[in-house]
Every structure is written in structure tokens, then in C-alpha cells.
Amino acid sequence: MAPPVNHDAAVVSRRILDGPYVLLTVRHAEVAQSARAGQFVMIKAGTSAEPPLRRPFSILTVDRAAGTFALFLKTIGAGTRALAALAPGDLAQCLGPLGRPFTAPPPGEEAILVAGGYGIAPFHLFCEELAATGGRARVFYGGRTASDLQLRDPFARLGVPLVPATDDGTLGHHGRVTEAVDQYLDTRPGPVTLFACGPDPMLHAVARLATRRGLPAQVSLDPWMGCGVGTCLGCVVWMQGAHEARPRYRCACTEGPVFDAREVVWAGDEASRARLDALAGATTEAR
């Protein structure tokens, strides 16, 4: 995998969507050439020291010929508002590509992509990668209301089936997106692998669903990140591999953000709590 490259990257275009959503296209040849689905960039508006920290964003699409990539932004705080306000020609500080990407399922196996809100971002590039190798994908796209599901049309253009789900019933399945996934799996035509990106409760729900049905699942975690290169340790998450005696911290920015859902120690999960209690007991005995 190519090492990350830091650049003052020029904004090529900005497209304002409904509500707080913006599509931003940035020129950074190294990201465009080597980025894989599930990887991200650390980026901030301008070239000054303020604000001091960059923000992590999944890479939505790449144009390798043009040397550009696109981001799907939801303006929430000062950092995302500053990025969303950039105009063509403005500069951003950008480091990437970063992180561990999704791993495609075995040949002939359908990829079930479960997205919550702006967690849809890495799945456009993933669908392109799968299509290039003859893979099949189906997207389940959830949000609170229809206006949160801003990126449906790109998947239609790719010919990828998409099932919308909204908490308020304004579009598609009325209820949680994982309910729609569960209903589809009841009648699935063959083997599948689950892939998920979105808020932690949704990721945990996908992990529980995968465990109950005996399915493999990969989840893209989104803890707070300060540096993106494993230095600040702000993004550490509890993990326990199949052959590890007890949980340990891993950096989501360098060892993730994509992890096997079975290895995640989920907050509030009984099995995860048992693993942490066992670790605490072993630590106490060792003192």
C-alpha cells in the first residue's frame, strides 16, 4: 500500500446538496492514484495553523486520470463548515490515503453494504471496485428522514440495487436500516458478506445480526481522530482477535478503520463486557 502524502490540495469543485450536505472535489494525485474503498484522508480548510486539527473523511470517488477525489461532507462543526465553504481554487491541507480498506468478498458472494447517513461515502468507490472484478453489491441506506439519503442516484447510475430506510417512514422501509437488511437475508439467494459504515449503534446492530446469522462482517469505525497516523492515540478502540487471549487497544487510523466485526469489543455488549471483566480480573491478579 502506498505511503500517505501530505499536500496543499486545490479544490476543483463544490456542489451544494440539500440541507447540510456538500460534495467537494479536491486535486491530490497520490490519493487519486492509490486510494482504496474504506480509506480516508485527513483534511482541513486553508493552509494556516488554525484550526490546528484536520478532520477524517472517507474517500467517496476517485478520478485517476484527473488526479482528483471527492468527499461527501455533512456540515456539523467549525471544521466541516470551513471545508464546505471552500470554493474552486481554494487550498486545503490534505494527508492521505490513510487506513485499511475493505476486503472484497470471495468470488460469487454478494456484498451487502449497510450505510447510516454520511456513512454511505466509502461504498460508492467500493461498488466501482467490485464491478471492475465482476462482484455484486446491494446497498441498504438508512437515515432519520428522506433528506438524509442524499447519495441514492450515483448507485442507480452504477446499476447497484439500493434499499432506502428512514426512521420516520418518509422514504423506503419505515424503521431501522438493519431491519431491512434482516428481511432481505431471510430470502437471500446465496452467500453474502456484510459491510457497514455509520454510527456506532448501527454498526453494533450489524455485528449482532452477523453473529446471529453466522455471516462474515466488516465494519468501518469512526472514533475521534487527531492525527490519522497513529501518533496521538486518540482513536484507539478495544479489539480481540480470534487467537488473542484478551482484548487490546488498536489504532483505528492505522490498523483500521475497517475491522472484522467479530473482533470489536462493543460498548454495552454482554459478550464484550465479559471479555473486559476477564481482562480486568487478570490485570488485578498480576499486580
Checklist outcome for this item: The farthest towards the positive end of the charge dipole of the chain, of the residues L162, A245, G96, given +1 on Cβ of Lys and Arg and -1 on Cβ of Asp and Glu, is G96
Checklist outcome for this item: Rounded to a whole %, the carbon-and-sulfur portion of the accessible area of the chain at a 1.4 Å probe is 54
Checklist entry - Where Lys and Arg each count +1 and Asp and Glu each count -1, what net charge lies around A131 among other residues with Cβ under 14 Å from its Cβ? => result 0
Item to check | Per residue value of the accessible surface for the chain (all protein chains in place, 1.4 Å probe), Å² | outcome: 46
Next on the checklist: Restricting to Cα pairs below 8 Å that are 6+ residues apart, what does the relative contact order work out to for the chain? Please round to a whole percent.
Outcome noted: 16
Next on the checklist: What percent of all Cα-Cα pairs in segment 1-120 falls into each 5 Å bin, going from 0 up to the bin containing the maximum distance?
Outcome noted: 2, 12, 21, 24, 19, 12, 5, 3, 1, 0
Checklist entry - Taking every DSSP beta bridge that has both residues in the chain, what percent is antiparallel when rounded to the nearest 5? => result 60
Checklist outcome for this item: Long-range amide H partners of L171, meaning residues 5 or more apart or on another chain whose placed amide H is closer than 5 Å, are A146, T166
Checklist outcome for this item: Counting Lys and Arg as +1 and Asp and Glu as -1 over every other residue whose Cβ sits under 9 Å from the Cβ of T25, the net charge comes to +2
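The values are calculated or read from the model by the stated rules, or taken from the named source; none is laboratory data. In this text the structure is predicted, and so the values were computed from the model without any measurement. Because the Cβ atoms are built from the backbone with ideal geometry, glycine has one as well, and the counts that use them run over all protein chains shown. Side chains included, ligands, DNA and RNA excluded: accessible areas come from the protein's heavy atoms. Shrake-Rupley method; radii C 1.70, N 1.55, O 1.52, S 1.80 Å.
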